Ligand code: NAD
């Protein structure tokens, strides 16, 4: 950055990081002044959530295992009722973006503080962004009430995350860092975090997929994911996130995998208009063409690389283009139809971003 001009507002989240820090949860909940924490999880993670509640002992108000991807309004309402019935005075989401998203939906209504225990790389725990889905439409917004007060990142909790889910979740995280680098509200501090995040994740992921139970690579990946979440919380996202939102919502595509497919293509589109970001990514990835490097990384991790492979019907292409052209987001390169169609065409067919 030649002549920096920026605003930077750090968000007041306490982060406790390291293998075994889950053991500090009771003290962290007590430090919030809470005595009855409700543990939230997806149904599939109930057993883990029960263990977290047992660890909290007297400070647990129970477990509500009703988290669902994209926070349906009914799930949010049920969790609010559960928090009220349990007289909860804090929320402990245990899991990925679905559990954290549910806690945010409850916090938005009740103001209850959140001590989050993330077990994927999605990064929602570091942002004041909430989302609730009603009638097939996901509304999102920013509200400081939903920002976690404390986040405990314990990489040992990620050892059981399946390799394919880990890889997709991490590429979703990396998208936050990539778009933070060229965001209109980027700052030198966030750019440092973003570059370090991409370096950490890209370095760790091949090892995570090869040996999912290996703690050192898992630790490095979760460290990168924390940084990515911080980037997401601090900046406005661009074309890549807009396309993922459109595709995820209207075509019901899997969230993290859609990010993984689109990221190299969105970056290839934007890189010429974002030279500082491209330079940072070249350093982080150790390659001259960062978009191609991400596409190669996805392939080596065994991730899907085409929207068609995710089940996206090409008949929807025109609709996606029209919605993206409607704008409503900042992007370093103006979004124009021919370029957008070329980008989406390559992503749909699974061609490399430079093909
Ligand atoms: P997720 O929370 O649905 O988790 C994916 C699956 O993995 C779930 O079935 C979950 O139970 C399981 N799982 C979680 N941790 C596990 C572990 N350690 N071992 C084994 N299984 C585990 O998905 P996600 O990718 O973490 O989050 C995606 C959601 O988060 C989307 O709804 C997305 O919109 C949202 N999100 C929100 C923000 C924000 O700032 N608001 C940021 C990123 C993502």
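Kindly indicate which of 118, 155 is in contact with a strand residue (DSSP E or B) (Cβ under 7 Å, 6 or more places away or on another chain) and closer than 15 Å to residue 22 by Cα.
Residue meeting the stated conditions: 118.
Using the structure shown, decide if residue 170 is touching a helix residue (DSSP H, G or I) at 6+ places or on another chain (Cβ under 9 Å) and at pLDDT 95 or above.
yes
Quick one: which strands (runs of 3 or more DSSP E) lie wholly within segment 1-86 and hold at least 2 residues that are in contact with a strand residue (DSSP E or B) (Cβ under 9 Å, 6 or more places away or on another chain) and touching a residue at least 60 places away in the same chain (Cβ under 8 Å)?
Correct list: 14-17, 37-40.
I'd like to verify a number: residues in segment 87-106 that are in a loop (DSSP other than H, G, I, E, B) and within 11 Å of the ligand (Cβ to nearest atom), how many?
Selection size over segment 87-106: 1.
Which one is surrounded by the fewest Cβ atoms within 10 Å (Cβ to Cβ) among residues in segment 107-154 that are assigned to a helix (DSSP H, G or I) and more than 10 Å from the ligand (Cβ to nearest atom)?
Step by step, filter segment 107-154, then rank; the result is 144.
Name, by its number, the condition in (1) away from the ligand (no atom under 12 Å from the Cβ); (2) farther than 20 Å from residue 327 by Cα that does not hold for residue 229.
(1)
Considering segment 224-263 alone, what residues qualify as being buried (at least 24 other Cβ atoms within 10 Å of the Cβ), over 14 Å from the mean Cα position of the chain (by Cα) and over 18 Å from residue 168 (Cβ atoms)?
238, 239
Return yes when residue 181 is away from the ligand (no atom under 12 Å from the Cβ), within 22 Å of residue 353 (Cβ to Cβ) and in contact with a helix residue (DSSP H, G or I) (Cβ under 8 Å, 6 or more places away or on another chain) and no when it is not.
yes
Please work out if residue 247 is modelled with pLDDT of 95 or more, part of a helix (DSSP H, G or I) and touching a helix residue (DSSP H, G or I) at 6+ places or on another chain (Cβ under 9 Å).
Here the answer is no, as residue 247 does not meet what is asked.
Would you call residue 193 under 24 Å from residue 271 (Cβ atoms) and either more than 14 Å from the ligand (Cβ to nearest atom) or in a helix (DSSP H, G or I) (or both)?
yes
In the set 302, 339, which member is over 24 Å from the mean Cα position of the chain (by Cα), surrounded by fewer than 16 Cβ atoms within 10 Å (Cβ to Cβ), in the same structural domain as residue 259 (by TED's automatic domain parsing) and modelled with pLDDT of 95 or more?
Just a single option satisfies the conditions, and that option is 339.
Across segment 293-319, what is the total count of residues that are closer than 22 Å to residue 282 by Cα, touching a helix residue (DSSP H, G or I) at 6+ places or on another chain (Cβ under 7 Å) and not in a loop (DSSP other than H, G, I, E, B)?
6
What pairs come out if I take residues in segment 156-167 that are closer than 13 Å to residue 255 by Cα and pair them with residues that are part of a loop (DSSP other than H, G, I, E, B) whose C-beta lies under 6 Å away, six or more apart or interchain?
167/301; 167/303
Kindly indicate which of 60, 83, 37 is outside the structural domain of residue 186 (by TED's automatic domain parsing), under 20 Å from residue 131 (Cβ atoms), surrounded by 16 or more Cβ atoms within 10 Å (Cβ to Cβ) and touching a helix residue (DSSP H, G or I) at 6+ places or on another chain (Cβ under 7 Å).
Of the residues listed, the single one that is outside the structural domain of residue 186 (by TED's automatic domain parsing), under 20 Å from residue 131 (Cβ atoms), surrounded by 16 or more Cβ atoms within 10 Å (Cβ to Cβ) and touching a helix residue (DSSP H, G or I) at 6+ places or on another chain (Cβ under 7 Å) is 83.
The values are calculated or read from the model by the stated rules, or taken from the named source; none is laboratory data. Keep in mind it's a predicted model, so treat the numbers as computed, not measured. Reconstructed Cβ throughout: ideal geometry from the backbone, glycine too, with neighbour counts over all protein chains shown.
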